[in-house]
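Q: Take this structure first; my questions come after.
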Amino acid sequence: MPRTTTSPPERGKGVGPRTRGGWTPAGTAAERRANHASKGTARGERTRLRLLDAARTVFERVGYFDAGVEDIVKEAGVARGSFYTYFEDKLEVFRILSTEVNEAVLKAATTELPQASGDPITRLHQSNIRYIETYRANAAMYGLVEQVATIDPEVHSDRLTRRHDHVERVTASIKRWQHRGLADPDIDAKTTAGLLVSMTSNFSYWWFVGNETHDYDVAALALTDAWVRTIGLRQHPRQTRLDADSDGDGS
């Protein structure tokens, strides 16, 4: 399966000279990982990125559970020993890829547009389109993340962190709209945000991972409409009672 064209967040260097359990690694492969983390070369980083790309291709093709280190190094065109220079096992690789996917989807949903881009409903629809497009581009990996999260606490924790960040950002947007008179002042912003984030992510999961069939334009518009109705979002500020009285007496 070809790599997605969506650009993932920039990958950093190695994870450091200590293991997840906090002990200092020993042995040939462990020493190479520690050395790369502290003084890796540009060539070494290219090899590491090639292995990550190859791992994603293999995971998307055969799934996480059926993928092996041998499959990854074959796809990358490097020796098996090279894998252990950069990674402890395939789970470590998957955790890195999982974080990339979660960050890409979160970024797509929260990138701010210039004020000149239109009214809040238009801006919301554009944000939903970005989310849908990014989710679709990463659907194969996203489905695997859901699976692996059930067996690996670190992947599960990362998913919860990204969800929390997403809910917090939507909460902040709703509060800003309420303050400007563009949203229903009586709704609880955080509860509503959690509901909308769950609805959007779950719908996208079944659409692109579960292979439900939906007309793209109809689905995208329906999604935005559900947000607008739930929030009570308006293109223009609500008229206050004082404003209405002023209009009535001509003052």
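Taken together, the values in this text are just the output of simple stated rules run on the coordinates, not laboratory data. Being a predicted model, the structure only gives us computed values, none of them experimental.
Q: If I take all pairs of Cα atoms in region 147-199, what percentage of them are more than 12 Å from each other?
A: Considering region 147-199, 66 percent of its Cα-Cα pairs are separated by more than 12 Å.
Q: Let me ask you something else. Please state, as a whole number in µm²/s, the translational diffusion coefficient that the Stokes-Einstein equation yields for region 35-95 at 37 °C and 0.692 mPa s, with Rh defined as the Kirkwood radius across alpha carbon pairs.
A: 285 µm²/s
Q: What ³J(HN,Hα) values, in whole Hz, does the Karplus curve 6.51 cos²θ - 1.76 cosθ + 1.60 give for region 82-97 when θ = phi - 60°, with x put for Gly and Pro?
A: Karplus values, whole Hz, x for Gly and Pro: 4, 4, 6, 6, 10, 9, 6, 6, 5, 5, 4, 4, 5, 4, 5, 5.
Q: Also, I was wondering about something else. Can you work out the Karplus-derived ³J(HN,Hα) for every residue in region 127-144? Use 6.51 cos²θ - 1.76 cosθ + 1.60 with θ = phi - 60°, whole Hz, and x for glycine or proline.
A: 5, 5, 5, 4, 4, 4, 4, 5, 5, 4, 5, 10, 4, 4, 5, 4, x, 5
Q: In addition: Which whole-Hz ³J(HN,Hα) couplings does region 104-109 yield from phi under the Karplus relation 6.51 cos²θ - 1.76 cosθ + 1.60, θ = phi - 60°, glycine and proline marked x?
A: 5, 5, 4, 4, 4, 7
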